[in-house]
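Chemist: This structure is in structure tokens; I'll ask about it shortly.
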Amino acid sequence: MLELKNITFTAPGTDVEPPRTIIDRLSHTFETGKLYAVTGPNGSGKTTVAKIIMGINAQASGSVLFEDRDISDWSISERAKAGIAYAFQHSARFKGITFRDLLAISLGTDDEDKLVEIIARVGICSMDFLDKPVDAKLSGGEIKKIELATVIATNPKLAIYDEPDTGIDLWTIDPMVELLKKEKEQYGTTTIVVSHNRTFLEAADQLILLRRGKIAYSGDLEGALPMLRDLSICTFTDTCEGVADVECYR
């Protein structure tokens, strides 16, 4: 499905700092219809890898293969047409545009039955939600539902979610995880989630732990726990030294 071969990415230098290697000869194969969680300390290269797959960032060296085709030089639009979708950590808001407008663009049609089918898949019960403006008045959970719906509407072969739990409450996370698992099982969507959240890490078929631009571990969460503690990575669950909803592995 997707193969990263010896990917390197270097951040350009500045007047005070030299160029810095963010991704260092990283290679990994993602199989069709599996859910992957990519985690690691801040600055380990998680989001950079996701953006390289989508074509937002261009690797300095190495290859991105998608369905046995080398897409390393493809634009974002070309990758999207091939079946790759990307959801950003901070969802975009658009003044003067409704959810109905965005969903119709994603679907390529404003057919009411098809719009209803997508919002039902995402778990949105109210038809009134379609006419909500996608602006600053929406809650974090509402804007995430809209983004999930627009991604799912494209029926992607590969869906990438960059820290999808950002800005949402704990009660929204479980339904989101169940939705991604359902899409994987029913539609064969290969899913990559960049997250520190334990719920996503537990749900993944494979956890990928990055450290200093390299894969330090791949496997299940239980096997990763010793390394997570050593790296002081936090996942949102219970409590961490008085900070609500966080558990630190230390």
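Chemist: Assigned to a helix (DSSP H, G or I), free of Cβ contacts under 8 Å to residues at least 40 places away in the same chain and hydrophobic (A, V, I, L, M, F, W, C), is that true of Val177?
Modeler: Here the answer is yes, as Val177 does meet what is asked.
Chemist: Consider Ala50 carefully, then state whether it is in contact with an Asp or Glu (Cβ under 7 Å, 6 or more places away or on another chain), touching a residue at least 60 places away in the same chain (Cβ under 8 Å) and of a type in the set (Gly, Ala, Ser). Don't jump to the end; show me each part of the working.
Modeler: Values: in contact with an Asp or Glu (Cβ under 7 Å, 6 or more places away or on another chain): yes; touching a residue at least 60 places away in the same chain (Cβ under 8 Å): yes; of a type in the set (Gly, Ala, Ser): yes.
So Ala50 fits the description; yes.
Chemist: Pairs only if they're at least six apart or on different chains, beta carbon under 8 angstrom, first in the stretch 207-230 and at positive phi, second of a type in the set (Phe, Trp, Tyr) and at pLDDT 90 or above; list them, first residue then second.
Modeler: Once the first residue is at positive phi and sits in the stretch 207-230, its partners that are of a type in the set (Phe, Trp, Tyr) and at pLDDT 90 or above give Gly213/Phe9.
Chemist: Now, a different point. Hey, among the residues in the stretch 124-144 that are touching a Leu at 6+ places or on another chain (Cβ under 9 Å) and modelled with pLDDT of 80 or more, which one's surrounded by the fewest Cβ atoms within 10 Å (Cβ to Cβ)?
Modeler: Lys132
Chemist: Shifting gears a bit: If we keep just the residues of the stretch 22-42 that are outside any strand (DSSP E or B) and not small (Gly, Ala, Ser), which is nearest to Pro226 (Cα to Cα)?
Modeler: So in the stretch 22-42, the residues outside any strand (DSSP E or B) come out as 31-34, 40-42.
Then drop every residue that is not not small (Gly, Ala, Ser), which leaves 31-32, 34, 41-42.
Numbers: Glu31: 26, Thr32: 29, Lys34: 24, Pro41: 14, Asn42: 18 Å.
The extreme case among them is Pro41.
Chemist: Within the stretch 101-115, can one find any residue that is assigned to a loop (DSSP other than H, G, I, E, B), of a type in the set (Asp, Glu) and in contact with a helix residue (DSSP H, G or I) (Cβ under 7 Å, 6 or more places away or on another chain)? Give the derivation first.
Modeler: Pass one, the stretch 101-115, residues assigned to a loop (DSSP other than H, G, I, E, B): 108-111.
Next, from what is left, pick out any that are of a type in the set (Asp, Glu): 110-111.
Now narrow it down to the ones that are in contact with a helix residue (DSSP H, G or I) (Cβ under 7 Å, 6 or more places away or on another chain): 110.
For the stretch 101-115, residues assigned to a loop (DSSP other than H, G, I, E, B), of a type in the set (Asp, Glu) and in contact with a helix residue (DSSP H, G or I) (Cβ under 7 Å, 6 or more places away or on another chain): present.
Chemist: Just one of Thr166, Thr154 is of a type in the set (Ser, Thr, Tyr), surrounded by fewer than 16 Cβ atoms within 10 Å (Cβ to Cβ), outside any strand (DSSP E or B) and in contact (Cβ under 8 Å) with a residue 60 or more places away in the chain; which is it? Full working, then the answer.
Modeler: Numbers: Thr154 fails: surrounded by fewer than 16 Cβ atoms within 10 Å (Cβ to Cβ).
Answer to the selection: Thr166.
Chemist: So which residues in the stretch 116-146 are under 22 Å from the mean Cα position of the chain (by Cα), in a helix (DSSP H, G or I) and closer than 18 Å to Ala85 by Cβ?
Modeler: Within the stretch 116-146, Ile118, Ile119, Arg121, Val122, Ile143, Lys144, Lys145, Ile146 meet the criteria.
The values are calculated or read from the model by the stated rules, or taken from the named source; none is laboratory data. Here the structure is a predicted model, which is why all the values come from computation and not from measurement. So basically every Cβ, Gly included, is an ideal-geometry build from the backbone, and we count neighbours across all protein chains shown.
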